[in-house]
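See below for the structure under consideration.
The values are calculated or read from the model by the stated rules, or taken from the named source; none is laboratory data. This structure is a prediction, so every number in the text was calculated from the model and none was measured. Don't worry about glycine lacking a Cβ; one is built from the backbone with ideal geometry, like all the others, and counts go over all protein chains shown. Surface accessibility is based on the protein's heavy atoms, side chains included, excluding ligands, DNA and RNA. Shrake-Rupley method; radii C 1.70, N 1.55, O 1.52, S 1.80 Å.
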Amino acid sequence: MTQTVLSPGRERWLLLTIAGIQFTHILDFMIMMPLGPQFTRLFGISDAQFGLLVSAYTLAAGASGLAAATYVDRFDRKRLLLALYVLFALSTLACGLAPGYGFLMAARVAAGMFGGVLSALSQTIVADVVPFERRGRAMGIVMSSFSFSSVAGVPISLFLASHLSWQAPFFGIAGLCALLALGAGLTLPRLDHHLRQKDRPSVWRSIGLVLADANHLRAFGFSVLLMFTGFTVIPYVTIYMQANVGLSDAQVPYMYLCAGLATLLSARWFGRMTDRLGKVRTFNRLAVALMLPVMATTLLPALPLGIVLIVTTSLFVFLSGRIIPGMALVTSSAVPHLRGTFMALNAAVQSASMGLASLLGGFIIGRDAAGQVQHYWVAGLCSVCASFAAMYVARRLHLHDSGGQPKATG
């Protein structure tokens, strides 16, 4: 398949647009976690029920990703992206209008159905447009949306939630989605090069070809481990920090602000490192570096705010940092002409893994009579084990360049 070629300026603008769309999708998911204490008080639910609320989004995204595998390569990527994004914005608006736990659960399921496919489609567009040798840097730009959502999105959302209502962040995200959808519609080029391939296989044959490739299956397993490393721990950070470490509602935004600033600075550097040192080598280094802050965070006692921020910032830096070479590995593992179907299936795998990891973390932790979180360190140990396993699988992946030829895994 001939790759869509853009000028450097248009390529940069496309990446920034995709990053903006990813920003709203990630923020919509992330804002649930720091609002956890408010939801447990407001709706009178347990930590496990809150974990189910988080998981509903990701499990729905997994199911929709499976469905997307049947159509994602059949449409112009720009038109499909815009249609899904509008539906995602409406679902997020419904979250803000939710009168109770049940309605909110349904709205989160709807948002997950559209948001999960958005993520896969965004990564597919990057892989279609950006050559192999620059893909790590491109992923660094797109993944910086995670950092920016922490730097600006989460603190502003928490400010709105504390000064207006918990619904306000969802209204704000929906409004931002409307602006970004308009901008994307006006500026993105046609992304239909994959439709011009002659003798394209049928939908089900494409899925069969993806699943028949042993390297694709290894990449799916790698994605599972990527998600389990983070999501056995991350959804419960705010709950643990408030219940056990003693952070107040006013201090929680500082945790996300510091983490976001640090990851915003480090994301581009990790992207360049990925292209310079190699995807596998960079991933393994960051995976090893992650293990200490994971265990430190899950065992953290009551300490001064400055020390807490150092520990939690390190956790977010290395968690988000390893995703950059990790996703470059995953996208490069796909046979190019099957990449859209592969990424849709991979999104389903990732989303289901995030949901299952969140559920596992919710079942592992508990509360004592004083309301403190117990056994969080066990969730941290599960994260470390998943990280070790991901390092092993990463070395066994075979990568493809933009022309579809195997490339060395270094």
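Hey, among the residues in the range 156-172 that are hydrophobic (A, V, I, L, M, F, W, C) and more than 18 Å from PHE88 (Cα to Cα), which one's surrounded by the most Cβ atoms within 10 Å (Cβ to Cβ)?
The extreme case among them is LEU158.
Mind counting the residues in the range 320-364 that are open to solvent by less than 20 Å² (accessible area, probe 1.4 Å) and aliphatic (A, V, I, L, M)?
Looking only at that region, the number is 13.
What number of residues in the range 6-32 are open to solvent by 30 Å² or more (accessible area, probe 1.4 Å), in a helix (DSSP H, G or I) and modelled with pLDDT under 75?
Summing the residues that are open to solvent by 30 Å² or more (accessible area, probe 1.4 Å), in a helix (DSSP H, G or I) and modelled with pLDDT under 75 in the range 6-32 gives 5.
Where in the range 144-219 are there helices (runs of 4 or more DSSP H), lying wholly inside it, with at least 3 residues that are under 19 Å from LEU257 (Cβ atoms), at pLDDT below 75 and not β-branched (Val, Ile, Thr)?
The helices (runs of 4 or more DSSP H) meeting that bar are 154-163.
PHE88: assigned to a helix (DSSP H, G or I), modelled with pLDDT of 90 or more and surrounded by 18 or more Cβ atoms within 10 Å (Cβ to Cβ), yes or no?
yes
Looking only at helices (runs of 4 or more DSSP H) that lie completely in the range 279-365, which have at least 3 residues being among the basic types (Lys, Arg), out of contact with any Phe, Trp or Tyr (no Cβ under 7 Å at 6 or more places or on another chain) and modelled with pLDDT of 80 or more?
279-298
Give the residue that is modelled with the lowest pLDDT, with candidates limited to residues of the range 65-79 that are part of a helix (DSSP H, G or I) and surrounded by fewer than 23 Cβ atoms within 10 Å (Cβ to Cβ).
ARG74
So how many residues does the range 35-55 have that are open to solvent by 10 Å² or more (accessible area, probe 1.4 Å) and in a loop (DSSP other than H, G, I, E, B)?
Of the residues in the range 35-55, 3 are open to solvent by 10 Å² or more (accessible area, probe 1.4 Å) and in a loop (DSSP other than H, G, I, E, B).
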